[in-house]
Each structure stands twice: as C-alpha cells, then as structure tokens.
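The structure under discussion is supplied below as structure tokens; questions concerning it will follow.
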Amino acid sequence: MQTERVEVVANEGVGPYRLLRLRRSRLQPGTPGQFFMLEAPGRVLPRPFSLSLAPTRELGFLVEAIGPGTRAIARLEAGEEIRVTGPLGNGFDLSVRRPLLVGGGIGVAPFPYLSERLNGPPALLGFRTAHHAEAAALVPNAEVVLDPTLVTDALPDDPGDVLACGPAPMLDALEGLVPGAQLAREAPMACGYGACYGCVVERDGWYVRLCVEGPVVRAGDGAV
Amino acid sequence: MGVPLLNASGCLDPLTAPEVARSLDVVVTKTITPLPRRGNPPVRIAEVEHGMLNSIGLQGPGIDVFVDDHLPRLAALGVDLWVSVGGFSAEDFARCCERLDGDERVSAIELNLSCPNVEEAPETAAELVAAARAATTKTLYAKLSPAQWDIAASATAAVAAGADGLSLVNALRGLALDERTLQPRLALAVGGYTGPGLRPVALACVYACAAAVDVPIVGMGGVVSGRDALELVAAGASAVALGTVLFADPLAPGRIRAELGAEAAARGFADIANPSSPLVVRTGKNLQTDENDTA
Ligand SMILES: Cc1cc2nc3c(=O)[nH]c(=O)nc-3n(C[C@H](O)[C@H](O)[C@H](O)COP(=O)(O)OP(=O)(O)OC[C@H]3O[C@@H](n4cnc5c(N)ncnc54)[C@H](O)[C@@H]3O)c2cc1C
Ligand SMILES: Cc1cc2nc3c(=O)[nH]c(=O)nc-3n(C[C@H](O)[C@H](O)[C@H](O)COP(=O)(O)O)c2cc1C
Ligand code: FES
C-alpha cells in the first residue's frame, strides 16, 4: 500500500461511464481485482475503485457516477490532482486453466486489466442497455447480453474457472451455480486498508473485513 | 519536541497498517471488551455532510485473545502502545484493567466511557473509573462523550475517581436517511458522528475540561490539518489524536506533524510542547479567567 497525490491525465467517456486516467507516479498497479481508494474532491471519505487499465506510467479507472462521491470523481479534469492509496486487498488468483470472465454493468471495471494479464480469455458481459454495453469494447473476446437476458442465462454448461465482478444478485446466483468461482464483492468502505471495520461481510458466523479478506472471495467459502 | 500524535481508538489497525502505526508517537488499540464481540450488522458506515457515521459496535476478540494473540504482535511493532478498554459494567472495566495491569508492553489504558453504539453501563463514568483504578496502577485516560451538558463536571469526577488524563472527545450520535426511501442508511439506524463537523464541539469540550482539571488532555474530533491540531492545543490539549482523517489519508500523521510545526512557528510559538511556551500560557488555564463564561 502506498499513498500518492497524482495528476489526472485524462477523463474520457465510455458509454455512460467515465474512464479516468491518472499518472501512475510511484504507485504499483498490483494484481487485477485489487483496488485503490480515490479522493473524492469535497467529500470526507475516499471511494474504492478496481484498477481497470494499467498502461505504462498510468492507472486507469472506470467510474459509474451514482452518488456524491462517484459524481465528484467523474467530474475531475486533466491537470487536477487527487490523493490515491493502493493497491489494496486481494485480487484474482491468476493461476487458472480455463478462465471465463463474467461481469455485469460497472462490474466490467477490473476486466480490461484482468484480460490483459490472462492473455485475452473469453468474457461474458451483461448490461442494462446498448449504451452501457459500449464498455465491452475495453474487453477483448467479449460476448454481450442485454437485459432482460442475464449472464447466468448465457453461462455455458461447463463454464470453467469463473472470475466474476458485478452486482450482488449476479454474484449470489453465480455462488450457487459455480462452486469455486472467484467473486469480486463490494461493501461500503471508509478506509480500504483495514482500519475502520466498516466493510464487513459475514463468514462462518463472524464478521470479516472485505478490504482485508477480499474483495475477491471464493464461492462457497462462506463469505456473503 | 512537538505535540505527540496518536490515532483515535478504532481508527487504525496497527497490524494491517504497521507503517501508519510507526508514523504516530503513540498507538491506541480499538476498544477491547472482556468477551469477544461480533459487532453490529452491516451497513456500518455512511458518509454524511462534514463527516461520517459509524456503527461498528465494538467488534473484537475479547481481552484474553487480545492479550495472548494480538498483544505480542502489537509489541513487536516497537511503538508506544495504549490499550482502550470498554464494557457494560464496572466489573467489565475492572476485568480488562486487571488483565493488563503489570504488562510492560502497555504504557497506558484508555477507558472508553462513551461508545455511542452500544448500551451504556448502569454506573456513572466516575464509578467506572474508580473500578478501573482499583484494578490497576497503570496510567488511566478517561474518554468522555461530548454529548453532555456539563462535560467539565464529568471530567472533575473522573479525575477525582483516579483518572490520570482525559481523552476528548468520542463521537456524537447521528442518523442519516436514504435520500429516496427515507430509511436509515445504517443497519442499526443510529451511529457515531465523527469528522470535521465534530471539530468545534471537541474544541469546546477540551476548553471546558482544561479549565476544570489539571491533567493532560488528548484532544480529538475532526482534525484534518495541522491548524486543527494546533487549535486543540491552544484550547488545552497536550496531545492530539487522529481519527476519521486516517481513512482518507494514511499519511496524515507525518503531514499534520509538519503542518503543526509550521503553523506554530508562523505564530511565534517555537516550542509548543514546552509547558512554559507562550502558547500554553496564553491559552489553556488563562482562557479560564476570561470574562467569557460560556465554557
Ligand atoms: C472493492 C471495490 C471496488 C469498486 N470498484 C468500482 C469501479 O471500478 N468502478 C465504479 O464505478 N465503482 C466501483 N465500486 C463502487 C464504488 O466504490 C461506489 O459506487 C461508491 O463508493 C459510491 O459512492 P457515492 O458517494 O458515489 O454513492 P453513495 O451515495 O455512497 O451510494 C449510492 C448508492 O449505492 C450504494 N452503495 C454505495 N457504495 C456501495 C458499495 N460499495 N457496495 C454496494 N452499494 C453501495 C448506497 O447504499 C447507495 O444506495 C467499487 C467498490 C468496491 C468496494
Ligand atoms: C470507525 C470508527 C470506530 C471507532 N471506534 C472507537 C472505539 O472502538 N473506541 C473509542 O473509544 N472510540 C472509537 N471511535 C471514536 C474515535 O476514537 C474518535 O473519538 C472520534 O472518531 C473523533 O475523532 P475524529 O473526528 O478525528 O474521527 C471510533 C470512530 C470511528 C470513526
Ligand atoms: S474499509 Fe475500513 S476496514 Fe475495510
């Protein structure tokens, strides 16, 4: 974990999302599925984002503006500086034989970087609208389904090693369908580095910190 | 020599962020209770205007696992360590203090007399301090709630019961509702409000208590800059604790230490930690004699 003030290189539209490109500075990109805490200008707390792209000298984040924090981040302009901490948490286990990336909506965020590190495995992505689905262009080898079709409807009988990120209902469904799948979960986070105990999920009757034990967890490991 | 910087209890896990722990002068543990506690169900946090709400509910391993398992690893960090203890009765406080009494790895005990997220003990703060005092010879800091009309009276009673210092302040109770549904954003509805919004409240509490008692005060509440820390010192604190700011900025201790030095120097207070420095003489006790009686 490292904290740096870094400069915004560019803020580009991708469908309804923003692709925020930051100067990498001394920050390490980490493993796909790990995340960074980004300062949200004017807000008290930073917000967690998976690393989406890791070109040399840059860190790229795909942002969906849904509330005050993400809106402040989505409005950042080239040349502005924000505080960034990371990489944080545990990313995906990349030692998989037959990877299949399964994502829904903004859950596509970690996949461009993950796909690159796994040499372009097949991906199955679900979106609300064709406009949202424009983000699929960031992921090679992607099959796209649109609402009302769900990614779980389109899942092959033998899906292989599933690496998934998306809304909780999608991950819950995968948890039942694909034991051992790697699921990138979300919880509201204040710190992202184990300090606040705010991000807990239940596991074996106890609450564990998702930012420390996750955000990527194994289906069937008892983490909700 | 500067003003010692601590973390506020519950705002840092030194074992997951040892580099942050080492950047502080004193590390304070999250409040430990006699028995293990699961804590409150999520959602546990919500950002609000000028701060955040938390409803952690004193999740922790209990004093026995803490001493046997966590304490050796905390001691290995090589930082000055205070243990925060809490509970639901005088007996609970006594039990935790007894277990830590004589343990050289612990340099002081902070008594959390004021968690906004759990049931209160039936005894008064002073009775809890007295029970702790009877159980240990260690330095005891009493951590008080800002949600009382006359905090100086509680401070006076806590010191009379054996507290060696005060930690001021804990969180205020707050509620946040979802914009659309108007349902509480936290699972248990009400949580502890911390962050910048707490700053003037903390300042008033430190000011009132510094005038009433003659013990060291750790000031905290909404500090995000060296200037905020300096104001707490000016109001009577001899050390400053960082809470919510650590979530946004793990480098806050180093930054605030540097800013504090610069802010003090800019005002001509070269040695703010020295009790005879002009800053402490002009404020603290001196403020007490001002005509302004609202404190
Ligand atoms: C490890 C991790 C990685 C993430 N990666 C990305 C990413 O790459 N791109 C991206 O756009 N977003 C990502 N998110 C989600 C993003 O952090 C949240 O959308 C953001 O914190 C919301 O803040 P806000 O102030 O905009 O909205 P808020 O006002 O905080 O929230 C708006 C609504 O969303 C709900 N909500 C807020 N945070 C969460 C959460 N973490 N989980 C579930 N519900 C929540 C709130 O209850 C509320 O209903 C990630 C979250 C985590 C935990
Ligand atoms: C997430 C969180 C957990 C906390 N847990 C504790 C605790 O266990 N014991 C305690 O005495 N205070 C606890 N506090 C209160 C802080 O120690 C501190 O008194 C308060 O946050 C005010 O400082 P701040 O505004 O700088 O955060 C907690 C605060 C937060 C935000
Ligand atoms: S977000 Fe603070 S402990 Fe996980």
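The values are calculated or read from the model by the stated rules, or taken from the named source; none is laboratory data. The structure displayed is predicted, hence computed values, not measured ones. Reconstructed Cβ throughout: ideal geometry from the backbone, glycine too, with neighbour counts over all protein chains shown.
Answer yes if at least one residue in the range A:76-91 is within 16 Å of ligand 3 (Cβ to nearest atom), within 30 Å of B:THR194 (Cα to Cα), surrounded by 20 or more Cβ atoms within 10 Å (Cβ to Cβ) and at pLDDT below 95, and no otherwise.
There is no residue in the range A:76-91 that is within 16 Å of ligand 3 (Cβ to nearest atom), within 30 Å of B:THR194 (Cα to Cα), surrounded by 20 or more Cβ atoms within 10 Å (Cβ to Cβ) and at pLDDT below 95.
Could I ask something else about it? Within the range A:110-130, take every residue that is small (Gly, Ala, Ser) and surrounded by fewer than 18 Cβ atoms within 10 Å (Cβ to Cβ) and give me the one that is farthest from A:VAL96 (Cα to Cα).
Result: A:ALA130.
Tell me yes or no: at least one residue of the range A:45-53 is buried (at least 20 other Cβ atoms within 10 Å of the Cβ), more than 13 Å from the chain's Cα centre (by Cα) and assigned to a strand (DSSP E or B).
No, that holds for no residue.
Identify, from the list A:GLY33, A:GLY89, A:GLY79, A:GLY67, the residue that is free of Cβ contacts under 8 Å to residues at least 60 places away in the same chain and away from ligand 2 (no atom under 16 Å from the Cβ). Spell out the reasoning first.
On the way: A:GLY33 fails: free of Cβ contacts under 8 Å to residues at least 60 places away in the same chain; A:GLY89 fails: free of Cβ contacts under 8 Å to residues at least 60 places away in the same chain; A:GLY79 fails: free of Cβ contacts under 8 Å to residues at least 60 places away in the same chain.
Step by step, each of A:GLY33, A:GLY89, A:GLY79, A:GLY67 is checked, and only A:GLY67 is free of Cβ contacts under 8 Å to residues at least 60 places away in the same chain and away from ligand 2 (no atom under 16 Å from the Cβ).
Can you tell me which condition B:ALA237 does not meet? The list is (1) outside any loop (DSSP other than H, G, I, E, B); (2) aliphatic (A, V, I, L, M); (3) under 19 Å from the mean Cα position of the chain (by Cα), and all the others hold.
Here B:ALA237 clears every test but (1).
Of all residues in the range A:38-50, count the ones that are within 17 Å of A:GLU7 (Cβ to Cβ) and either more than 16 Å from ligand 2 (Cβ to nearest atom) or aliphatic (A, V, I, L, M) (or both).
Let us first name the residues in the range A:38-50 that are within 17 Å of A:GLU7 (Cβ to Cβ), namely A:38-41, A:46, A:49.
If we keep only those that are either more than 16 Å from ligand 2 (Cβ to nearest atom) or aliphatic (A, V, I, L, M) (or both) too, we end up with A:38-41, A:49.
Qualifying residue count, the range A:38-50: 5.
For the range A:151-208, name all the residues that are part of a strand (DSSP E or B), surrounded by 17 or more Cβ atoms within 10 Å (Cβ to Cβ) and more than 8 Å from chain B (Cβ to nearest Cβ).
Across the range A:151-208, the qualifying residues are A:ASP161, A:VAL162, A:LEU163, A:ALA164, A:CYS165, A:GLN182, A:LEU183, A:ALA184, A:VAL208.
All but one of (1) away from ligand 1 (no atom under 12 Å from the Cβ); (2) touching a Phe, Trp or Tyr at 6+ places or on another chain (Cβ under 7 Å); (3) in a strand (DSSP E or B) hold for A:VAL216, so report the exception by its number.
If we test A:VAL216 against (1) away from ligand 1 (no atom under 12 Å from the Cβ); (2) touching a Phe, Trp or Tyr at 6+ places or on another chain (Cβ under 7 Å); (3) in a strand (DSSP E or B), just (1) comes out false.
So, one more: Could you count how many residues in the range B:5-36 are facing chain A (nearest Cβ under 10 Å), farther than 24 Å from B:VAL233 by Cβ and of a type outside the set (Gly, Ala, Ser)?
Within the range B:5-36, residues that are facing chain A (nearest Cβ under 10 Å), farther than 24 Å from B:VAL233 by Cβ and of a type outside the set (Gly, Ala, Ser) number 7.
Would you mention how many residues in the range A:165-202 are under 28 Å from B:GLU19 (Cα atoms), in contact with a strand residue (DSSP E or B) (Cβ under 6 Å, 6 or more places away or on another chain) and away from ligand 2 (no atom under 15 Å from the Cβ)?
Final tally of qualifying residues: 3.
Name, by its number, the condition in (1) touching a residue at least 24 places away in the same chain (Cβ under 8 Å); (2) of a type outside the set (S, T, N, Q); (3) in contact with a Pro (Cβ under 9 Å, 6 or more places away or on another chain); (4) surrounded by fewer than 21 Cβ atoms within 10 Å (Cβ to Cβ) that does not hold for B:ILE45.
(4)
Another question, if that's okay. Which of the following residues is crowded, with 19+ Cβ neighbours inside 10 Å and free of Cβ contacts under 8 Å to residues at least 40 places away in the same chain: B:ASP64, B:ASP13?
Values: B:ASP64 fails: crowded, with 19+ Cβ neighbours inside 10 Å.
The match here is B:ASP13.
Within the range A:106-126, can you find the residues that are in contact (Cβ under 8 Å) with a residue 24 or more places away in the chain, under 23 Å from A:ASP158 (Cα atoms) and in contact with an Asp or Glu (Cβ under 8 Å, 6 or more places away or on another chain)?
If the condition is that a residue be in contact (Cβ under 8 Å) with a residue 24 or more places away in the chain, under 23 Å from A:ASP158 (Cα atoms) and in contact with an Asp or Glu (Cβ under 8 Å, 6 or more places away or on another chain), then A:LEU124, A:LEU125, A:GLY126 are the ones that fit.
Considering only the range A:179-193, state which residues are within 19 Å of A:PHE92 (Cα to Cα) and at pLDDT 95 or above.
Within the range A:179-193, A:ALA181, A:GLN182, A:LEU183, A:ALA184, A:ARG185, A:GLU186, A:ALA187, A:GLY192, A:TYR193 meet the criteria.
State which residue is nearest to the other protein chains (Cβ to nearest Cβ) when the search covers only the range B:226-252 and only residues that are away from ligand 2 (no atom under 12 Å from the Cβ) and surrounded by fewer than 24 Cβ atoms within 10 Å (Cβ to Cβ). Full working, then the answer.
If we filter the range B:226-252 for residues that are away from ligand 2 (no atom under 12 Å from the Cβ), which is where we start, we get B:226-227, B:230-231, B:233-239, B:250-251.
Still in the list and also surrounded by fewer than 24 Cβ atoms within 10 Å (Cβ to Cβ): B:226-227, B:231, B:234, B:238-239, B:251.
Details: B:GLY226: 17, B:ARG227: 17, B:GLU231: 18, B:ALA234: 24, B:SER238: 25, B:ALA239: 20, B:LEU251: 5 Å.
Ranking the candidates gives B:LEU251 first.
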